[in-house]
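Notes for the one structure printed next.
The values are calculated or read from the model by the stated rules, or taken from the named source; none is laboratory data. In this text, all values refer to a predicted model and were calculated from it rather than measured experimentally. Note: ideal-geometry Cβ built from the backbone for every residue, glycine included; neighbour counts use all protein chains shown.
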């Protein structure tokens, strides 16, 4: 239920400023229709939406969300920026959300897959474009790794190693990926 503070603090109608000396906690949505100045630390636990110009006169920091994943994982757009630590030797599937410009996800192998691949797939009807980079390649005999329009990234069982990783970025139409592995063909785009 919206509350208009000027109904409760009449001085606000005439330009007074609220100067909070203690922490203020907002449990639900907060809408500010005029200027908002925050001096000190502001922590936002959910999504911050800004409409209009924004001026930052200090440092803006963010942290990546990390999640250890050991079973099928259907990722949501709200998890954008997350790092997923793939943690099951038996393998499983992670499904990316529908495309939207700016989405970004990182996947890192923390237990090498042995019985089945660790798999990342896009939402239905979307493609992955990218490349696999490795330090263990013979340029005269091994095929190139640049791929366009595929539907699956596999961290291959019995080849992928701890520390292999993939970074996905979305432009609103496709997913773009760069995969880094330590062993030739430890990851494939098919």
> Quick one: would you say residue 42 is over 30 Å from residue 122 (Cβ atoms), in a loop (DSSP other than H, G, I, E, B) and either modelled with pLDDT of 70 or more or under 22 Å from the mean Cα position of the chain (by Cα) (or both)?
Replying inline: yes
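Condition test on residue 147, is it at pLDDT 95 or above and out of contact with any helix residue (DSSP H, G or I) (no Cβ under 9 Å at 6 or more places or on another chain)?
So residue 147 fails the test.
One line per residue, one yes/no per condition, for (1) under 18 Å from residue 67 (Cα atoms); (2) outside any strand (DSSP E or B):
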{"residue": "88", "(1), (2)": "yes, yes"}
{"residue": "102", "(1), (2)": "no, yes"}
{"residue": "116", "(1), (2)": "no, yes"}
{"residue": "125", "(1), (2)": "no, yes"}
{"residue": "131", "(1), (2)": "no, no"}
{"residue": "163", "(1), (2)": "yes, yes"}
{"residue": "176", "(1), (2)": "no, no"}
{"residue": "180", "(1), (2)": "no, no"}
{"residue": "184", "(1), (2)": "no, yes"}
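One line per residue, one yes/no per condition, for (1) touching a residue at least 40 places away in the same chain (Cβ under 8 Å); (2) closer than 17 Å to residue 188 by Cβ:
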{"site": "83", "(1), (2)": "no, no"}
{"site": "87", "(1), (2)": "no, no"}
{"site": "91", "(1), (2)": "yes, yes"}
{"site": "97", "(1), (2)": "no, no"}
{"site": "105", "(1), (2)": "yes, no"}
{"site": "109", "(1), (2)": "yes, yes"}
{"site": "113", "(1), (2)": "yes, yes"}
{"site": "119", "(1), (2)": "no, yes"}
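Yes/no per residue for (1) more than 24 Å from the chain's Cα centre (by Cα); (2) surrounded by 10 or more Cβ atoms within 10 Å (Cβ to Cβ); (3) at pLDDT below 70:
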| residue | (1), (2), (3) |
| --- | --- |
| 20 | yes, no, yes |
| 31 | yes, no, no |
| 37 | yes, no, no |
| 49 | no, no, no |
| 63 | no, no, yes |
| 71 | no, yes, no |
| 75 | no, yes, no |
| 99 | no, yes, no |
| 107 | no, yes, no |
>> Pull out all pairs, ordered by first then second residue, where Cβ-Cβ is under 6 Å, the residues are six or more apart or on different chains, the first lies in segment 161-185 and is on the phi < 0 side of the Ramachandran plot and buried (at least 18 other Cβ atoms within 10 Å of the Cβ), and the second is modelled with pLDDT under 95 and not in a strand (DSSP E or B).
In response: 164/186
